[in-house]
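One structure is given below, encoded as structure tokens.
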Amino acid sequence: MSARALTCILVSRGLDGLLAVCTAHLETALAIAGVADESSVVIVDNASPTPYREAIWSKPGRHLIRLDRHQAFASANNLAARRYPNPYLLLLNNDVLLHPNTLGGMFDLMEADPRIGICGARLLFPDGSLQHGGVVFGAGRRGPYHLDRCRPADLVPMRDREFQAVTGACLMVRHALWSALGGLDEEYAFGLEDVDFCLRARDLGWRVWCYHGADSLHFESMTPGRVRLDVGSRRLFMQRWQGRYSIDG
């Protein structure tokens with residue numbers, strides 16, 4: 001097994017056409033990074049109204065896990081990571097279209113510093129504004145938010161940076177760290193389990209960085225009901241973490 005072998009986990013519900021485009025971009029990025037042959041793409045069908053068909057979604061190097069009942073994002077990712085372990089894991093939303101060079105750049109950044117346990121990626125909205133370039137924290141109830149969100153991307157330097165957290169929409173993590181933390185916290189219904197994960201990693205001494213060397217596309221919040229599910233997760237996050245992170249936003 002290659003030291004760069006990667007398990008890519010995509011939790012998806014419906015949105016078959018978008019998922020097909022997402023996986024095509026992912027497979028190109030895996031090939032450019034030189035890890036396509038030793039990596040796995042795991043699609044978790046999170047109780048789609050019309051279940052994904054094995055004949056369509058499974059092929060060499062790709063696996064389908066079908067869930068009959070809808071599960072939390074954390075639970076679905078944890079299940080896939082247990083079944084298909086590799087030295088690295090990639091969490092990827094089904095509405096993210098990776099730039100061909102993104103995965104290679106994320107690998108290079110993490111391999112340059114063994115203390116980096118988590119790496120996020122620069123993501124743009126379809127209109128060319130920044131969707132994610134790292135997560136910062138505001139005072140009081142503001143909590144975590146995306147730095148420079150909705151700012152024109154050409155005004156945001158393409159410079160790799162360290163942060164307290166990054167989004168799980170495109171997040172690479174060392175399997176050793178994932179195992180040490182027991183994966184994502186399954187008490188989060190949907191949302192902020194990624195930020196919680198990053199903060200817990202930092203508590204163990206790991207570093208969190210965001211790769212800015214390429215612009216990938218993120219449509220954001222395409223999953224039905226996502227905004228409603230965020231409410232409880234934010235309440236849980238603030239109960240656990242308010243006052244325990246640095247105010248940097």
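The values are calculated or read from the model by the stated rules, or taken from the named source; none is laboratory data. All figures in this text were calculated on a predicted structure; none of them were measured in a lab. Reconstructed Cβ throughout: ideal geometry from the backbone, glycine too, with neighbour counts over all protein chains shown. Only protein heavy atoms, including side chains, enter the accessible area calculation; ligands, DNA and RNA are left aside. Shrake-Rupley method; radii C 1.70, N 1.55, O 1.52, S 1.80 Å.
When the dipole is taken about the Cα centre of the chain, and only Lys, Arg (+1) and Asp, Glu (-1) are charged at their Cβ, what size is it in debye, to the nearest 20?
600
Which of SER75, PRO87, PRO114 sits farthest toward the positive end of the charge dipole of the chain, with +1 on the Cβ of Lys and Arg and -1 on the Cβ of Asp and Glu?
SER75
Need one value: the accessible area of GLU54 in square angstrom, 1.4 angstrom probe, rounded to the nearest 10.
Roll a 1.4 Å probe over it and GLU54 shows about 100 Å².
Near the amide H of TYR211, under 5 Å away, which other amide H atoms are found, from residues 5 or more places off or on another chain, if H is placed in the peptide plane?
GLY120, ALA121, ARG122
Please work out, to two decimal places, the log10 of the ratio I(q)/I(0) at q = 0.19 Å⁻¹ from a Debye calculation in which every Cα of the range 132-227 carries one identical scatterer.
These q points yield log10 I(q)/I(0) values of -1.06.
Residue by residue through the range 177-182, what is 3J(HN,Hα) from phi via Karplus (6.51 cos²θ - 1.76 cosθ + 1.60, θ = phi - 60°)? Round to whole Hz and write x for glycine and proline.
Here the 3J(HN,Hα) series is 5, 3, 5, 4, 8, x Hz.
If amide H atoms are built 1.01 Å from N in the plane of the peptide, which residues on other chains or at least 5 residues away come under 5 Å of the amide H of ARG62?
Sorted by chain and number, the residues that satisfy this are VAL41.
Counting heavy atoms of the protein chains only and a 1.4 Å probe, report the per residue accessible area for the range 119-249 as a whole number of Å².
Ligands and nucleic acids excluded, the result is 44 Å² per residue.
Expressed as a whole percentage, what fraction of the accessible surface of the chain belongs to carbon and sulfur atoms when a 1.4 Å probe is rolled over the protein heavy atoms? Mind dumping the intermediate values first?
Working: 5440 of 10590 Å².
Looking at the chain in its full context, I get 51 percent from C and S.
Charges only on Cβ, +1 for Lys and Arg, -1 for Asp and Glu: so what's the dipole of the range 134-249 about the Cα centre, in debye to the nearest 20?
With Lys and Arg at +1 and Asp and Glu at -1, about 340 debye.
Among DSSP beta bridges whose residues both lie in the chain, state the antiparallel percentage, nearest 5.
Details: 22 of 45 bridges.
Rounded to the nearest five, the antiparallel share is 50 percent.
Can you list the trypsin sites (Lys or Arg not before Pro) in the range 87-170 that are in a DSSP coil and have 10 or fewer other beta carbons within 10 angstrom? Numbers along the way, then the final one.
Numbers: sites: ARG115, ARG122, ARG141, ARG142, ARG149, ARG159, ARG161; in loops: ARG115, ARG141, ARG142, ARG149, ARG159.
Loop-located and lightly packed - ARG115, ARG141, ARG159.
How do 165-177, 22-34 rank on mean C-beta neighbours within 10 Å, highest first?
Going by the mean number of other Cβ atoms within 10 Å, highest first, we get 165-177, 22-34.
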